[in-house]
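Below you'll find the structure, written out as structure tokens, and then a few comments.
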Amino acid sequence: MASRGNFSSKLGFILAAAGSAVGLGNIWKFPFEAADGGGAAFVLIYLVFAFILCFPVMVTEIAIGRKTQKNPVGAYKALGFKQWQFLGILGICSGVLILSFYNIVAGWAIGYFLEMIQGNFEIGNNFSTYTAQIWKVGLYGALFMAITAFTVSKGISGGIERAAKFLMPSLLLMIIGLTFYAMSLPNASAGIAYYLVPEFSEVTFEVVYNALGQAFFSLSLGMGALITYGSYVSKNDNIINSAAWITVTDVGIAFLAGLMMFPFVSYLTNGTMENFTGGPGLIFATLPGVFRSLGETLGIIVGSTFFLLLSFAALTSTVSLLEVPVTYVVDELKISRKRTVWIVAGLIFLLGVPSLLSNGYSGFFTNFVTYFGAISPTSFMTLIEHIGNDTFLPLGGFLITIFAAYVWKKNNLIEELVQGNEQFRNSWVRKHIDFTVSYLCPLMLGFIFILTFLDRFFGISVF
Ligand code: PFF
């Protein structure tokens, strides 16, 4: 059998997995949720969730992957639990669904980069018109998927790892540069205060729930992306240490994104932070206005750097999303990687077409369903997001921890983590992982899954 390939070094794995984690979610979602959810208080809660709850799930996924050296479906079979293969399939479905719409937003990022280079800052005033230009955004989406597919087709060390080694340091440089620049602008401090001054009174149950959901999505957990990447990791690597680096990088970049974003908005609004919205609007409608206000040359430099940064962040994530179904097909059906990649990427792109149409172009897809109890309809793209991200990921995380603790059994998990890290056996980290994987993670993730499911689809909200 042909070799599946491997990461050539521990650093290569860390950069690729951190690349998966650092994505669109870090740049537009985290800063906005922090500002809205009590500033530094939110950041604190987020940190606690990332390290206490998500970190153990991360090491569990990597350990299952490395132990079996298989895709998420094959992994359960290889461990002797054929009936758990459904969990791998759930993960692959999540990856496919997420990639189908994530790629479209990534296409917008590339499109905006090309507009910024030409100094077309007006684009921000017409964001909704832009997304409804179906051929243009469709083409950029296809281009982004093709770049993703090209990278994945080159294999683990020659494609994914190589790309991450270039993209991640470049991303870091760009974000640091932009942060320093943004902080030097007039009214920067008002923006930072808006972002970070702790407001404990704003910390509601919903904010805590959002923090956990965001940390989980941001760390690419619950769908087997890290089982997949873990299956290419060397037996000598220290999983705990790698996972710590991945988590720190992801959290660090999300935090920096806020330090970059809010001074920009503050500069535009003369420190009032008025009329400012989060989500795609912040990135695609507000920021081009900021770049315009910097003047032609500086605007072009800062604006195109920003959208290049966004595209790089998205690319290392789309690559990991595509790798999940690709590894599955290559492992199980023994089809060549190159052929698999292009077929799978093509199909996912097609699956994304209704999402593409659901941003204003087609009334049918824009107002696709009205949930029970909801007043206004939900678009096809948002529906896919609710299923893929919001529901499947916590469900997957819940089941993975149940599987590891009670089916595969904790001792086996611990033994895999000891490989390449003998000290782990008697450390406090071991006790922590032991406890969280058995009790805390299943409890919290199961809870999140139920709340989200009821909230999104049945309009039953506890908030
Ligand atoms: N972590 C990515 C982000 O924050 O944008 C999204 C993501 C990528 C989720 C890969 C899941 C995944 F497997």
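Nothing in this text is a laboratory measurement; each read-out follows from the coordinates by a stated rule. As the structure is a prediction and not an experimental result, all values here were calculated from the model. FYI the Cβ positions are ideal-geometry reconstructions off the backbone, even for glycines, and counts take in every protein chain you see.
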Which of the helices in the chain, when you take each full DSSP H run, stretch at least 15 Å along the axis at their Cα atoms and have an average Kyte-Doolittle score of 0.5 or higher? 10-21, 55-68, 85-117, 134-153, 162-183, 205-218, 239-268, 296-333, 337-357, 441-458
Taking a ≥ b ≥ c as the square roots of the eigenvalues of the Cα gyration tensor of the range 20-147, is the shape rounded (a/c under 1.5), prolate (a/b larger than b/c) or oblate? oblate
Kindly put PHE424, PHE380, PHE458 in sequence by how many other C-beta atoms sit within 10 Å of each C-beta, fewest to most. PHE458, PHE424, PHE380
Straight distance only, please: which lysines reach the Cα of LYS410 with their own Cα at less than 22 Å, same-chain residues fewer than 8 apart left out? LYS67, LYS70, LYS77, LYS82, LYS235, LYS431
Amide H neighbours of THR378 under 5 Å, counting only residues 5+ apart in sequence or on other chains, H built in-plane at 1.01 Å? PHE368, VAL369, THR370, TYR371
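Packing-wise, with mean Cβ within 10 Å as the measure, how do 130-139, 103-112 rank, highest first?
Taking the mean over residues of other Cβ atoms within 10 Å, the ranking is 103-112, 130-139.
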Under the rule rounded for a/c under 1.5, else prolate if a/b exceeds b/c, else oblate, using alpha carbon gyration tensor axes a ≥ b ≥ c, the range 222-351 is classed as prolate
For the range 185-238 and the range 246-268, distance of Cα centres in Å: 11 Å
Let me check against my output: what whole-number percent is the relative contact order of the chain, with C-alpha pairs under 8 Å and at least 6 apart? 31 percent
Electrostatic dipole magnitude of the chain [Cβ: Lys, Arg +1; Asp, Glu -1; Cα centre; debye, to 20]: 1680 debye
From Cα pairs below 8 angstrom and at least 6 apart in sequence, can you work out the relative contact order of the range 277-403, rounded to a whole percent? 10 percent
For labels at ASN412 and GLU122 in the simple 7 Å Cα→Cβ model, what's the distance in nm? 6.3 nm
For the pair TRP135 and SER8, how long in nm is the line joining their label points, each one 7 Å along Cα→Cβ? 4.3 nm
Run down the aspartates and glutamates and flag those whose C-alpha is under 15 Å from the C-alpha of LYS154, throwing out any fewer than 8 positions away in its chain. GLU323
